[in-house]
Amino acid sequence: MNSDDRRFAVLQAIVADYVSTQEPVGSKAIVDRHNLGVSSATVRNDMAALEEEGLIAQPHTSAGRIPTDKGYRLFVDRVAQVKPLSKAERQAVQSVLEGAVDLDDVLRRSVRLLAQLTRQVAVVQYPTLTRSTVRHLEVVQLTPARLMLVLITDSGRVDQRMVDLGQVVTEEDTARLRSMINSALVGQRLAEASARVAELPQTAPAELKDVVVTLSTVLIETLVEHPEERLVLGGTANLTRNTADFPGSLRQVLEALEEQVVVLKLLAAAQDPGLVTVRIGEENESVDLHTASVVSIGYGPGTVVGGMGVVGPTRMDYPGTMAAVHAVARYVGEILAGR
């Protein structure tokens, strides 16, 4: 291998050993543990070059070195592809998620899984309504003068509304209303759907016009309503396993995780359901997360409807964490697509 490849191999060895041992790594340990085919003197020269480039640093008088944020960044950028989970891990993910009964359960299970697989803090954002499309609107006749509307989006979100009509309708009328509204809504983004609903009274049969006006009013409120973004967090206790990873800053990291806006910003850039994003140390916008790394991805049934990821120390198993985040997001997308 040429000198650049060999230096990167030395960096890889330092990252791997430091992540597993939490101890600075010396040249002798690299020669003993990694089959690089070079002498300790060559490794020491390579380490000196890596240190000069700011990729590794000497934390104290120890002869060992640790990766810097810049070193982790080069390491992550050179990870050619996200390694797949083992067969056992894939089966575990699949079996846990497939048992979910509804969207809330899917997201709760996803957070638990991510926290267990990565031993970090896991966070999942609820599907955002603005990115969702209408899959179906069910109209159920409860009494001759009362209907229940059940709006189902492609992200698995379900909204129910009871509507008192102020007049009696037949089962045949209810079927006509169901057909009329679904033909206007199905496949529409929620913003466009509300505009289509507003136009429905203009084309409604005269005998159902008042009913359509009532239903349209309720539906528009449902479609344009933007509830506060919701997040599910899990595994916060994992951060306390190695407080030395957050010298003097663990409290700030925990406080940042309590701020919904901070976490939502972390997930906002995750727009591609197949692309894992890694932010290391000071690459994070929040100063409180400058000692942490964030691994995130978008999830959804084909299109991204939300984000998920993990937050942990910069000393983390990046390939393993990226694989876990990628796999869980893919399974959640498949589940939402099949609902």
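The values are calculated or read from the model by the stated rules, or taken from the named source; none is laboratory data. Since this is a predicted model, take the numbers as computed values, not measurements. For neighbour counting, all protein chains shown are included, and Cβ atoms are generated from backbone atoms with ideal geometry for every residue, glycine included. Keep in mind that these areas ignore ligands, DNA and RNA; they rest on the heavy atoms of the full protein, side chains included. Shrake-Rupley method; radii C 1.70, N 1.55, O 1.52, S 1.80 Å.
What's the whole-number percent of alpha carbon pairs in region 231-339 lying beyond 22 angstrom? Don't jump to the answer; show the numbers that get you there.
Details: 1724 of 5886 pairs.
Cα-Cα pairs in region 231-339 separated by more than 22 Å: 29 percent.
Only helices at least 15 Å long along their own axis, judged from Cα atoms, and with Kyte-Doolittle mean hydropathy of 1.0 or greater: name those in the chain from DSSP H. Could the numbers behind the result be given before it?
Numbers: long enough: 3-21 (27 Å, 0.13); 40-52 (18 Å, -0.36); 87-98 (16 Å, -0.62); 103-118 (22 Å, 0.23); 171-185 (21 Å, -0.51); 190-203 (20 Å, 0.06); 209-224 (22 Å, 1.44); 318-338 (30 Å, 0.69).
Helices meeting the span and hydropathy rule in the chain are 209-224.
Taking residue 70 as the anchor, which lysines have their alpha carbon closer than 29 Å to its alpha carbon, excluding any fewer than eight residues away along the same chain?
28, 83, 265
Determine which residues of region 272-309 fall in the zone a paramagnetic label at residue 330 would reach in this model, i.e. backbone nitrogen under 19 Å from the point 7 Å along Cα→Cβ.
Correct set: 272-278, 295-309.
I need the calculated FRET efficiency for the pair residue 202 and residue 162, taking r as the beta carbon distance and R₀ as 30 Å, to the nearest 0.05.
The formula returns an efficiency of 0.75 here.
Using the basic label-point model (7 angstrom from Cα toward the beta carbon), what is the residue 39 to residue 2 distance in nanometres?
Roughly 2.4 nm, to one decimal.
Spin-label point model (7 Å from Cα, Cβ direction): what's the residue 243 to residue 32 distance in nm?
Label at residue 243, label at residue 32, 3.1 nm between them.
Which is farthest toward the positive dipole end of region 104-153 among 148, 120, 133, measuring Cα position about the Cα centre, with Cβ charges +1 (Lys, Arg) and -1 (Asp, Glu)?
Sorting the options by dipole projection puts first 120.
Taking Cα centroids, how far is region 191-206 from region 258-323 in Å?
Going from one Cα centre to the other spans 40 Å.
Taking every pair of distinct Cα atoms and averaging 1/r, then inverting, what Kirkwood hydrodynamic radius in Å comes out for region 50-142?
On the way: mean 1/r = 0.0556 Å⁻¹.
Here the Kirkwood hydrodynamic radius works out to 18.0 Å.
What residue among 291, 222, 21 shows peak mean-square fluctuation when the chain is described by a Gaussian network model with Cα springs under 10 Å?
21
Tell me, in nm to one decimal, what length is gained between residue 138 and residue 195 on full extension, where the rule is 0.36 nm per residue of separation less the Cα-Cα distance? Working shown, then result.
On the way: separation 57, 0.36 × 57 = 20.52 nm, distance 1.90 nm.
Result: 18.6 nm gained on full extension.
Heavy atoms only, probe 1.4 Å: what % of the accessible area of the chain goes to carbon and sulfur, would you let me know?
Working: 7870 of 15990 Å².
Roughly 49 percent, rounded to a whole number.
What distance in nm separates the two pseudo spin-label positions at residue 217 and residue 86, each 7 Å out from Cα along the beta-carbon direction?
Distance between label points: 6.1 nm.
Given the peptides 38-45, 27-34, 111-118, arrange them by the average over their residues of other C-beta atoms within 10 Å, most packed first.
Values: 38-45: 15.9, 27-34: 17.4, 111-118: 21.5.
Descending mean neighbour count gives 111-118, 27-34, 38-45.
Rounded to a whole number of µm²/s, how large is the Stokes-Einstein D of the chain at 20 °C and 1.002 mPa s, given Rh as the Kirkwood radius over C-alpha pairs?
Numbers: Rh = 22.9 Å.
In µm²/s, the coefficient rounds to 94.
Taking the solvent-accessible surface of protein heavy atoms with a 1.4 Å probe, what is the per residue accessible area of the chain in Å²?
Values: 15990 Å² over 339 residues.
For the chain, the per-residue accessible area is 47 Å².
Check which residues have an amide H placed less than 5 Å from residue 293's amide H, if you skip close sequence neighbours.
281, 312, 314
Given the DSSP H assignment, sum -39500 (n - 2.57) over each helix run of at least 4 residues in the chain and divide by its residue total; what's the result at 222 nm in deg cm²/dmol, nearest 500?
Details: 12 runs with 161 residues, N = 339.
Counting only the DSSP helices, I get -15000 deg cm²/dmol.
Find the all-direction average of the projected area of the Cα convex hull for region 1-65, expressing the result in square nanometres with one decimal place.
Numbers: hull surface 16.0 nm².
So the mean shadow area of the Cα hull is 4.0 nm².
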